[in-house]
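Structure first, then comments.
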Amino acid sequence: MDAVVEVENLTKSFPISKNEATSVLRGISLRVPPGQFLAIVGPSGSGKSTLLYCMSALEAATTGRVRILGQDTGALGRGALAKLRRDQVGFVFQSYNLIPSLTARENVALPARLARRRISGADVDRALADVGLADRGSYRPAALSGGQQQRVAIARVLAVRPDVVFADEPTGALDTEAGAQVLDLLAGVARAGEGRSVVMVTHDLEAAARADRVLVLRDGVIHRELLDPRADDVFAAVAGAS
Amino acid sequence: MLRLIFSDLVANARIWLGALLIAAATATVGAVVASDIQTAVAAGGNEALALYGISGTVAVFTLITALIVVGAVTDLTVTLQQRGYALWQLVGLRPGLVRLVVTAQLFVVSLLGGAVGCLLAVPLVQPLFRYAFSTSPELAGLTPTLTPAGAVPVVLFVAVVVTVGGFRGAGRAARTPPIQSLREVEPPDRRMTVARWLGGVATLLVVAAIVSTLPGTGLDTMAVPLMLISPLLAGVLAAFGPLFLARLVRAWTSLVPVTASAAWYLARNSTATNAARSTATISPLMVAVALAGGLYAANGAVGVPSGSLSTGSVVLLLGGPLLLAVLGAVATVFMSSRRRERELALITAAGGSSALVLTAAAAEAVIYVVTALLLGGSAVAVTTAIGAWAAGAWTAAGALPALTVTALALVLLLAATVLPTATALRQEVPRVLAPE
């Protein structure tokens, strides 16, 4: 397989009244190869979060096609989509990532529990240790800082070992240090040599410059594409899109 | 300030509608009791004495139920909006002002609910009176009345119970550091307070006083004091709830192994951890079970066969309080459904199927109802034991009504948890998880 995620001519519109709709994505096509760390940037309202949600099948496309690991997500039923998310996809949202009533350890083990897969306590502890939270396993989300909550969400991803991780502004609510830790962890997922990809939406252009490839969105279309960019290149590309 | 009060009421309409509904229901039930008392005053003579006795019993049932249900709903109303109150403080509102605004909101909603409830009662009092007293020709001949003189105290009662019920929550909203409120989805536990200790111990003393009078009471007059014991014990359990409720939920739900069902596991953790939500739903249900079971257990103990209680008498004595208790439980589930939807959306994002999400919502309803049955049932069992001690006869008469109310509550609560969840499943996950 030469692409983990394939998007073909994707459009998405939202109704704003009975007879009117606003077009957010207008014919986007792209491919995410295995092991790539892809960042999507752009001005507010450019459609970057909507693109991420459509790519991850959390939102249905209006027209066009999204394939994850060769499976056309638009053709999958709810049960099959749930199985795809459980087995092959990981999510890290900007906030509210964790179930408040479960401890960090239970949150990390949740996808395995949903899939009725056995996951050992040692695996969960290892995932938490990998994100530097070995001593926080028994804490509930409310007792963790924002950065620690994000790291627990990444530990959950590490424990499941999905083929692709979608991250929506994962550093948006964090300070510089915590943000850098989260980025290191996400980059580590893609660069572990296991063929796992990361797709990240961010407004932090320095964070985007950590990616292998950056897409700059403007008005619902891909305005620029940068490979192994420096931060200055990303700044210039986004400035050109604003 | 007025703008803040009203715009917040509109923004959190789902929560405030629940509070308004309960205020209105309390006023409707209270207005029916007030109408009976007004009718008794106007009638005079033996009819008045009979009506006073009946109204007094209904008033006690209503008072106990209203205090528990309205207190629970009001506290939840404030708890669910803790995040909003934190934001108010962050934009510069003094903590004292936060408390004032929250109290003012509760007062406005309670007055509105009280007035609406009394208006709703106006067309109801006459047919209800005829139905309840259809087996008593002397009373059925009376014309029930409900004038402003009877309605105004009811509205004031609702306003006081709602406002005082939320006063502590309002204080908590003002005292809690804003950052803590923003981070915590809701306060992790309910703690015992001086008011809870005092209320619980005082109610327990009232129960002890009633029990102490039973040995010298004849069987013909024992049923009334005996039937008060069960709802009063429910009041004691509600007051001491923070001491044991989460542990009780964890204990009995552990009978289902965590590996058996992911839905049960999620519902169990959510119910035991979110003490504010759970207490607000379980307490009214517990009262409903205790009221229904207690009435029949008391009558059974003094030798009145269950079948001889006319439907009219049962509706008269328990109809209002039962309605209020069950509505209270359903309202709390409806009020907190936004939180439930967010949690379940996360589970969907993590790969949970629609069936699993719906089963988790249903399991939550089952946990609420069974916990309420355990608590309310224990109040009925104690009433039965006291009745056996005082009247010398064991009876199982309380079991069937308690189970019937439980079954009805389960149906309503399943609808209240599963239907909003099914609707939320139609929305895209990002919409449900979007910042509030």
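The values are calculated or read from the model by the stated rules, or taken from the named source; none is laboratory data. The model shown is predicted, which means the values in this text are computed figures rather than measured ones. Quick reminder, even Gly has a Cβ in these numbers, built from the backbone with ideal geometry, and neighbours come from all protein chains shown.
Miscellaneous remarks
- Checking B:GLY303, B:GLY351, B:GLY320, B:GLY293 one by one, the residue that is surrounded by 23 or more Cβ atoms within 10 Å (Cβ to Cβ), of a type outside the set (Phe, Trp, Tyr) and in a loop (DSSP other than H, G, I, E, B) is B:GLY351 and no other.
- Test: residue in the range B:137-154 that is under 24 Å from the mean Cα position of the chain (by Cα) and either on the phi > 0 side of the Ramachandran plot or surrounded by fewer than 16 Cβ atoms within 10 Å (Cβ to Cβ) (or both): yes
- Residue, surrounded by the fewest Cβ atoms within 10 Å (Cβ to Cβ), within the range A:88-106, restricted to residues that are within 7 Å of chain B (Cβ to nearest Cβ) and within 20 Å of the chain's Cα centre (by Cα): A:TYR96
- Yes/no for A:GLY132 being surrounded by fewer than 23 Cβ atoms within 10 Å (Cβ to Cβ) and of a type outside the set (Lys, Arg): yes
- Looking only at residues in the range A:55-80 that are within 13 Å of another protein chain (Cβ to nearest Cβ), part of a loop (DSSP other than H, G, I, E, B) and more than 21 Å from A:ASP168 (Cα to Cα), the one that is modelled with the lowest pLDDT is A:GLY77.
- Taken over the range A:33-48, the criterion of being part of a loop (DSSP other than H, G, I, E, B) and not hydroxyl-bearing (Ser, Thr, Tyr) is satisfied by A:PRO33, A:PRO34, A:GLY35, A:GLN36, A:GLY42, A:PRO43, A:GLY45, A:GLY47.
- Breaking point among (1) in a helix (DSSP H, G or I); (2) touching a helix residue (DSSP H, G or I) at 6+ places or on another chain (Cβ under 6 Å); (3) more than 21 Å from B:GLY319 (Cβ to Cβ), for B:THR395: (1)
- Unique residue being surrounded by fewer than 21 Cβ atoms within 10 Å (Cβ to Cβ), touching a residue at least 40 places away in the same chain (Cβ under 8 Å) and either closer than 25 Å to B:ALA238 by Cβ or within 12 Å of chain A (Cβ to nearest Cβ) (or both) when the list is B:VAL405, B:VAL382, B:VAL411, B:VAL418: B:VAL382
- From B:ALA422, B:ALA402, B:ALA407, residue being part of a helix (DSSP H, G or I), within 21 Å of B:ALA360 (Cβ to Cβ), in the same structural domain as B:LEU295 (by TED's automatic domain parsing) and modelled with pLDDT of 85 or more: B:ALA422
- Identity of the residue in the range B:25-49, surrounded by fewer than 17 Cβ atoms within 10 Å (Cβ to Cβ) and in contact (Cβ under 8 Å) with a residue 24 or more places away in the chain, that ends up nearest to B:LEU97 (Cα to Cα): B:ALA42
- All of (1) at pLDDT 90 or above; (2) surrounded by fewer than 24 Cβ atoms within 10 Å (Cβ to Cβ); (3) within 14 Å of chain A (Cβ to nearest Cβ) hold for B:VAL326 with one exception: (3).
- Boolean, A:ALA178 is within 11 Å of another protein chain (Cβ to nearest Cβ), at pLDDT below 85 and either surrounded by fewer than 21 Cβ atoms within 10 Å (Cβ to Cβ) or more than 19 Å from the chain's Cα centre (by Cα) (or both): no
- Hits in the range B:233-262 (condition: outside any helix (DSSP H, G or I) and either loosely packed, with under 12 Cβ neighbours inside 10 Å or modelled with pLDDT under 90 (or both)): B:SER254, B:LEU255, B:VAL256, B:PRO257, B:VAL258, B:THR259, B:ALA260, B:SER261
- Being within 14 Å of chain B (Cβ to nearest Cβ), of a type outside the set (Val, Ile, Thr), closer than 25 Å to A:GLU194 by Cβ and free of Cβ contacts under 8 Å to residues at least 40 places away in the same chain is true of A:ARG85.
- Hey, B:LEU205 surrounded by fewer than 23 Cβ atoms within 10 Å (Cβ to Cβ) and modelled with pLDDT of 95 or more or not: yes
- When B:ILE54, B:ILE22 are checked against the criterion of being of a type in the set (Val, Ile, Thr), under 23 Å from the mean Cα position of the chain (by Cα) and surrounded by fewer than 24 Cβ atoms within 10 Å (Cβ to Cβ), a single residue qualifies: B:ILE54.
- Any hit, the range A:120-133, residues being over 25 Å from A:ALA190 (Cβ atoms), facing chain B (nearest Cβ under 10 Å) and out of contact with any strand residue (DSSP E or B) (no Cβ under 9 Å at 6 or more places or on another chain): no
- Candidates B:VAL73, B:VAL78, B:VAL102, B:VAL109 - the one that is at pLDDT 90 or above, assigned to a helix (DSSP H, G or I) and surrounded by 19 or more Cβ atoms within 10 Å (Cβ to Cβ): B:VAL109
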